[in-house]
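The values are calculated or read from the model by the stated rules, or taken from the named source; none is laboratory data. The structure displayed is predicted, hence computed values, not measured ones. Positions of Cβ are backbone-derived with ideal geometry, glycine not excepted, and every protein chain shown enters the neighbour counts. Please note that ligands, DNA and RNA were not included when accessible areas were found on the heavy atoms of the full protein model with its side chains. Shrake-Rupley method; radii C 1.70, N 1.55, O 1.52, S 1.80 Å.
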Amino acid sequence: MMAVMTRWWAVAVWFAAASAALASGSLSAQDGDALGQVTYERWCAGCHGLDGTGDGPGAGYMLPRPRDFTQALYQIRTTASGDLPTDDDILAIIDRGMPGTTMPGWEALLSNDEREALVQYLKTFSRFFSADEIPQPLEFSRATRSNADVLAEGERLFREVADCAACHGDGGRGDGESSPALVDDGDFPIPAADLTENWLFNGGGEAEDIYRRLLTGLDGTPMPSLADVITAGVITDEQLWAIAHYVRSLSPDNPPGITEVVRGVLFEDAPLPSSVDDEAWDEIEGAYLPLAGQIIVMPRWFHPRVDGVWVQAAHDGETVAVRVSWSDPNNSPDPEWADWKSQVIALMQPKEGDPPDEGPTPDQLVVQFPMQMPEGMERPFFLRGDNRRPVYIWQWQSDRDGALEGEARGIGTEAFLSGGQDLTVDASHADGQWQVMFTRPLVTEDENDLDFVIGEAIPMALFAWDGDNGESGTRGAVSSWYFLFLEEATPATVFVAPALAMILTAALGFLVVGRAQKRERQSGKIKSETPNS
Amino acid sequence: MGKYLKHPLGQAGVVLFLAYLLFDFGIAYIPPLFGIASAPIPNSVLLQYLITVSVGILIWVSDNEARWAEFKEPMHRVMVDPDLKTARNSLMVLIPILVALMTFSQVRPTVAAPTTLRSIHPAPPGRIDFQGTTLELGSLQNPLRSRGSMEEHYEEGKRVYYENCIACHGDGLDGQGHYAHAFSPVPVSFQDIGTIAQLTESYVFWRVAKGGPGLPNEGAPWNSAMPAWEDFLTQDEIWSVIIFLYEQAGHEPRTFEEEGGEGEVE
């Protein structure tokens, strides 16, 4: 019934638009508005609000908040800082969305006409757009080539000249000294982007995209434009490219794909890494596991700081070592971030449960396994187990030495062993990154823990909290089940089948060729030849 | 070049190669050009297809005596011609090595996740307990469809959806919310005709109310991130979000008369 009503409406609108177009000979902007309005109200108003002020019903559950279109502030433009975007700029953002935020891309869901009509409709929310002034895109130079010298120059400019490190930090992880105090034009706290995760850049992660953002700035955010610095002659356009190439080099060449399995590399002869910054870790491939806000049980958390962790693992047949690394600008609790914390809590306070902890809260990490290796496909509920199937957990937090082993049968039921700990931990925080290494014997005396098996996929899940982002308890980041697979030594028997296959094929080859030649000789065509001499 | 293409062995090779291109890449990339969703086929299926094509080719070449003889001739020559001794000897070394490598890649220990077979739409229970009342799923109807204004139910459902569901199912209802990639199984796309379009509203009510934890074992409840919304929402809120889902995705719910078996394996 409802469907029929809306469809009727759309048909009526179209009919009116089409007849108007016929009458005037062309579609005027106003007719596009009707389609723009219908599409907007259906797909965008839930976040951006019916009146475009960014206060739709979904708005309170996200940071950055949906854009208020009445301000006409657009981050991703090809125009100079302070200028309005071109129509193509707005269309490009609607098509691609803004990675790293809740703003989705619409290219696959909406037709060309709908998306173009949306561009015109968005502009009607603000009086800054006018028909006489058409914004002009900047001229962008062609990309320069990147090499080691360019990257070194880029790094120097990043740290010393262009002052990027003041916000983004020396390693680019968003831990610069100004970062706790950054707010956007709407007075909302805004993190300086983590430059090691270019797949989450709002405007695209390639050097060309970065170069453009540096020239145009991200209007409405503290991220400045470098156009003035270039005009003033402090840096050249070529140097700007060097910065862009350097920033690009902070992220992996390709965005990490989804890996289900973390490989626990077998150390047969070499000793296992002995500390969190042991160089042996550099040789071990890491798997990136994405994390999401815990929005499954009450009270929920829609604004986790940690959006993914890198996990590496190794074992030597006796002991397993797991290192988890993730970006977090500070070691909580840190008084410098107290303001940030209370702002985030005030903005993201969900409507359920007790208010989050206002007292000092540490950063935390939990690595979770089933208590017993599952038989068949059954396993505990990924969110801290359930009554029937408990989980076994490793828990580390930044304000306590050591790590705890424990068990849980559902979130909030964690119980930790008081003595007889078999788990050791080594953690370090540097340049906006936590690295935490756990080691434990594969097999222990203890009944209440998991005995790690080699050569089988062991379910594993991870949970992380940034205390100074207002996170504790159920308010944090979660993952679903992944697997830890401790490599076996390649058994010698593995080579038997290939060797057999090789011998059989070779023998068959001899036979066939030999017979063919014999027949040929009998028919007298060739004199004599052995198959393989 | 032309000479080789006129030869049946050359033609067979070309056909096989084109078939390979079509199966390995064409199936994945051509339909999207016309707006139809597609995905690459698994290697085992690819192998089957190629074997079928090879059999077809063999039937075609052996159908005609002369062609068959011509087809075999180069292979025969390699085996017997004294001038081709080097080619023959290298092939007799290379082929067994290739076979050995292929076997090795089959038997080598691999690091892989166990496959989970999961029934996407397992049979629902006969009745459920919802916040203290018992609901008979077999005869449960959406009460909002015969009460009040649909416009208002839709708006209410929209509010519920944007406050609770977009992070996973996406505001496009395409299962592409900004948290979706962190969960496995991935949140359902309601745009897909394999989901709510083939379910009754009472079934959807059960799935929303009881979430992942309410699934029977064949649905692998331990993996599902779908929350049990009975902990957050009232009965009317759930019914209104269901109205919103169908309306926004442009599907009609299934009715009890046309309902068959709702069971399917992923």
Which positions within the stretch A:284-309 get 20 Å² or more of their accessible surface covered by the other protein chains, compared to the chain by itself, with a 1.4 angstrom probe? A:P290, A:A292, A:I295, A:I296, A:M298, A:R300, A:F302
Between B:E156, B:E70, B:E136, which gets the highest mean-square fluctuation from a Gaussian network model of chain B, Cα cutoff 10 Å? B:E70
For A:Q421 and A:E177, FRET efficiency with R0 = 41 Å and r from the beta-carbon atoms, rounded to 0.05? 0.65
When the chain is fully extended, how far beyond the present Cα-Cα distance does A:T53 get from A:D95, taking 0.36 nm per residue of separation? 13.0 nm
How high is the relative contact order of chain A, in percent, with contacts defined as C-alpha pairs under 8 Å that are six or more residues apart? 12 percent
For B:I120, B:I51, write out the residues from largest to smallest accessible area, computed with a 1.4 angstrom probe and no ligands counted. B:I51, B:I120
Using the Cα gyration tensor of the stretch B:125-266, with a ≥ b ≥ c the square roots of its eigenvalues, what is the shape: rounded (a/c below 1.5), prolate (a/b larger than b/c) or oblate (neither)? rounded
Quick check: convex hull of the Cα atoms in the stretch A:65-184, volume per residue, rounded to a whole Å³? 163 Å³
Just how far, in whole angstrom, is the stretch A:458-481 from the stretch A:337-407 if you go by their alpha carbon centroids? 5 Å
Ordered by number, the residues of the stretch B:128-175 with at least 40 Å² less accessible area in the assembly than alone (1.4 Å probe) are B:M150, B:E151, B:K158, B:Y162, B:E163, B:D171
When N counts the residues of the stretch A:31-107, how does its alpha-carbon radius of gyration compare numerically with 2.2 N^0.38 Å, as a ratio? 1.09
Crossing angle, helix A:338-348 versus chain A [Cα axis fit, 0-90 degrees, rounded to tens]: 80 degrees
Shape verdict for the stretch A:395-502, please, from the Cα gyration tensor: rounded (a/c under 1.5), prolate (a/b greater than b/c) or oblate. prolate
Quick one: which residues, 5 or more positions from A:M460 or on another chain, have an amide H under 5 Å from its amide H? H modelled 1.01 Å from N in the peptide plane, none for Pro or chain starts. A:Y482, A:F483, A:L484
Heavy-atom accessible surface buried between B and A, both sides counted, 1.4 angstrom probe, nearest 100 Å², is 5800 Å²
Calculate, for the stretch B:127-249, the solvent-accessible area per residue in square angstrom, rolling a 1.4 angstrom probe over the heavy atoms of the protein chains. 35 Å²
Between the residues A:S428, A:A464, A:A497, the Cα farthest towards the positive end of the dipole of the stretch A:424-533, that dipole coming from +1 and -1 charges on the beta-carbon of Lys, Arg, Asp and Glu, is from A:A497
By the Cα gyration tensor axes a ≥ b ≥ c (a/c under 1.5 gives rounded; else a/b larger than b/c gives prolate, otherwise oblate), the shape of the stretch B:92-173 is prolate
Accessible area of A:E116 in the full protein assembly, 1.4 Å probe (Å², nearest 10): 100 Å²
Cα centroids of the stretch B:2-58 and the stretch A:65-92: how far apart, whole angstrom? 47 Å
If I ignore ligands, DNA and RNA and count only protein heavy atoms, how much of A:S418 is accessible to a 1.4 Å probe, in Å² to the nearest 10? 120 Å²
When you take every Cα atom in the stretch A:392-455, what is the radius of gyration, and what is Dmax, the widest Cα pair distance, in Å? 13.1, 40
Once normalised by the length of chain B, the mean sequence separation of its alpha carbon contacts under 8 Å that are 6 or more apart gives a contact order in percent of 17 percent
Beta bridges per DSSP with both ends in chain A, % antiparallel, nearest 5: 90 percent
Can you tell me what the convex hull of the Cα atoms of chain B projects to on average, as an area in nm²? 21.9 nm²
Express in Å², to the nearest 10, the accessible area of B:H251 obtained by rolling a 1.4 Å probe over the protein heavy atoms while all chains stay in place. 30 Å²
Neighbouring partner chain Cβ atoms per residue of B:77-85, average, 10 Å criterion: 4
Calculate how many DSSP beta bridges within the stretch A:261-486 are antiparallel, expressed in % of all such bridges and rounded to the nearest 5. 90 percent
Computed [θ] at 222 nm, helices only, for chain A once each DSSP H run of length n ≥ 4 contributes -39500 (n - 2.57): -8500 deg cm²/dmol
Based on the Kirkwood radius over alpha-carbon pairs, what is the Stokes-Einstein translational diffusion coefficient of the stretch B:2-107 at 4 °C with 1.567 mPa s viscosity, in µm²/s? 78 µm²/s
Per q in 0.17, 0.30 1/Å, what log10 I(q)/I(0) does a Debye calculation on the alpha-carbon atoms of the stretch A:174-233 return? -0.64, -1.25
Rounded to 10°, Cα long-axis angle of helix A:207-216 versus longest principal axis of chain A: 20 degrees
Probe 1.4 Å, protein heavy atoms only - accessible area per residue of chain A in square angstrom: 47 Å²
With a 1.4 Å probe and all protein chains in place, put A:E456, A:E139 in order of accessible area, largest first. A:E139, A:E456
Ordering B:I97, B:I27, A:I393 from largest to smallest accessible area (1.4 angstrom probe), what's the sequence? B:I97, B:I27, A:I393
Largest first and rounded to whole Å, the semi-axes √(5λ) derived from the alpha carbon gyration tensor of the protein assembly as shown read 50, 37, 34
Check: in chain B the Lys pairs 8 or more apart or on separate chains whose Cα atoms fall under 28 Å apart number 6
May I ask you to give the percent of accessible area on the stretch A:153-249 that is carbon plus sulfur, with a probe radius of 1.4 Å? 50 percent
